[in-house]
Amino acid sequence: MKALCITAATRLGIIAAGALLHGCALLEPPRMPLAPPAPTVSIARLYEQPAERAFINGMRFYEDGQYERAEVMFKRALSDGLRDRYDVAASNKHLAFIACAYDRPTECESAFQAAFTADPTFKLSDAEVGHPLWGPVYKRVASERSKTLKSS
């Protein structure tokens, strides 16, 4: 085997190249500091608000399959003045799901309309749109809304 032999001149060349590269890095313009993180919203403070508390509880009950309790909480959140338009749309979306699941199509349709009113960009996920109970109702409401907006 041949031994790897580094001469003093090679070592000096490597050191010089490293110093040169380090010097080039010093010539780069200073980097802008990263933007500060967006302010957060305290969940504890939100939970102190009656409407937001009802919304959070409604989501919890819905996820636990306690749909009657979830429905009561979502309706309470709306009547207590839930402020965030995305939360209002989400409350109405879940009310629509519950109404459709319990074979109340008029309520289902009204809840989807309320969701669109709260948030004009409201959309269901692909999986939600494909649901056999509320998917067709959502598609009909979205289509009617689209036609109305185009004629305005």
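The values are calculated or read from the model by the stated rules, or taken from the named source; none is laboratory data. As the structure is a computational prediction, the values presented were derived from the model and not from experiment. Neighbour counts are summed over all protein chains in view; Cβ atoms, including those assigned to glycine, are modelled from backbone coordinates with ideal geometry. The accessibility values were calculated without ligands, DNA or RNA, using every heavy atom of the protein model including side chains. Shrake-Rupley method; radii C 1.70, N 1.55, O 1.52, S 1.80 Å.
Things worth noting here:
- Within the stretch 62-88, restricting attention to residues that are farther than 16 Å from Tyr47 by Cβ and of a type in the set (A, V, I, L, M), the residue that is least open to solvent (accessible area, probe 1.4 Å) is Ala70.
- Positions within the stretch 89-106 being among the charged types (D, E, K, R) and surrounded by fewer than 21 Cβ atoms within 10 Å (Cβ to Cβ), in sequence order: Asp103, Arg104
- Identity of the residue in the stretch 79-107, modelled with pLDDT of 95 or more and in a loop (DSSP other than H, G, I, E, B), that ends up nearest to the chain's Cα centre (by Cα): Asp84
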